[in-house]
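Asks: Dropping a structure here in structure tokens format, bear with me for questions.
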Amino acid sequence: MYEYINGELTILTPTYAVIDVGGVGYNLIISLQTYSKLNEMSKAKLYVHQIVREDANLLYGFFNEEERGIFRLLINVGGVGPGTAMMVLSSLSSDDIRAAILKEDINTLKAVKGIGLKTAQRIVVDLRDKITSTGASAEMFSRLSSSSKQREEALSALIALGFAKTPAEKTLEKLLKESPASSVEELIKAALKQM
């Protein structure tokens, strides 16, 4: 898993950037938010979210951890894939997305291409508490990102141990709310006691 890629910005378009690191060019899918901040820069550091599929190994690049945090929250909502999440980040600023979720402003979210009424409602319902509890700072989104990584690793371990995905997810969410700084091992041990 990549945390960030830092190097020479060799290609920049509104949808992707190529960063050269030691002679290797990394193609990162970016939002218009990131594109506008990278304009006229020769070097760049982008925070990365990697998605590996059967047919592709995709790298999504973000100018800051806050934007990546919102992307990670969005792709965890049912019906919102990486492409739709990037469309949201390209259409609205991070602050606008957060405000729309907190104010339950369905119309702002619906105005984004690819987001219908049901998806907009799902985004608000699923993320309202997560956005509220994480606050607005990049530091908080960074913590959320690391707890999200811990949650995913712990969830994989619990599923491998034979537990059903949905109850395991609910247990891990509860544990992370109580103690966001828990390690993967602590999460697994605590979940095993509760399941």
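Asks: Pairs of alpha-carbon atoms within less than 8 angstrom and 6+ residues apart define the contacts here; what relative contact order does the chain have, in percent?
Replies: Value for the chain: 14 percent.
Asks: Roughly how big is the range 65-134's charge dipole about its Cα centre, with Cβ charges of +1 (Lys, Arg) and -1 (Asp, Glu), in debye to the nearest 20?
Replies: The dipole magnitude comes to about 280 debye.
Asks: In degrees from 0 to 90, rounded to the nearest 10, what is the angle of the helix 138-160 Cα long axis to the longest principal axis of the chain?
Replies: The angle comes out near 50 degrees.
Asks: On to the next question. By how many degrees, 0 to 90 and rounded to 10, does the Cα axis of helix 82-91 deviate from the longest principal axis of the chain?
Replies: Value to nearest ten degrees: 60.
Asks: What does the convex hull of the Cα atoms come to per residue for the chain, in Å³?
Replies: Details: hull volume 25.8 nm³, N = 195.
So the per-residue Cα hull volume is 133 Å³.
Asks: Relative to the longest principal axis of the C-alpha atoms of the chain, give the angle of the C-alpha long axis of helix 65-75, reported between 0 and 90° and rounded to the nearest 10°.
Replies: 60
Asks: Further question on the same structure: Which of ILE115, PRO167, VAL88 sits farthest toward the positive end of the charge dipole of the chain, with +1 on the Cβ of Lys and Arg and -1 on the Cβ of Asp and Glu?
Replies: About the Cα centre, the residue reaching furthest to the positive side is PRO167.
Asks: Once label points are set 7 Å from the Cα along Cα→Cβ at both THR13 and GLN194, what is their separation, rounded to one decimal in nm?
Replies: 4.5
Asks: State which stretch of the chain is the longest one without any exposed trypsin sites (Lys or Arg not before Pro), exposure meaning a DSSP loop state and at most 12 other Cβ atoms within 10 Å.
Replies: 114-195
Asks: Could you tell me which of GLN33, GLN50, VAL18 has its Cα farthest along the dipole of the range 4-62 towards the positive end, charges placed at Cβ (Lys, Arg +1; Asp, Glu -1), taken about the Cα centre?
Replies: After comparing all options, I get GLN33.
Asks: Ok, one more. Quote the Stokes-Einstein diffusion coefficient, in whole µm² s⁻¹, for the range 65-134, based on the Kirkwood radius over alpha carbon pairs, a temperature of 4 °C and a viscosity of 1.567 mPa s.
Replies: 113
Asks: When the chain is fully extended, how far beyond the present Cα-Cα distance does LYS43 get from ARG128, taking 0.36 nm per residue of separation?
Replies: Values: separation 85, 0.36 × 85 = 30.60 nm, distance 3.56 nm.
Roughly 27.0 nm would be gained on extension.
No lab work stands behind these numbers, since they all come straight from the coordinates. These numbers come from a predicted model, not from an experiment. Please note: Cβ atoms are built from the backbone with ideal geometry, for glycine as well, and neighbour counts cover all protein chains shown.
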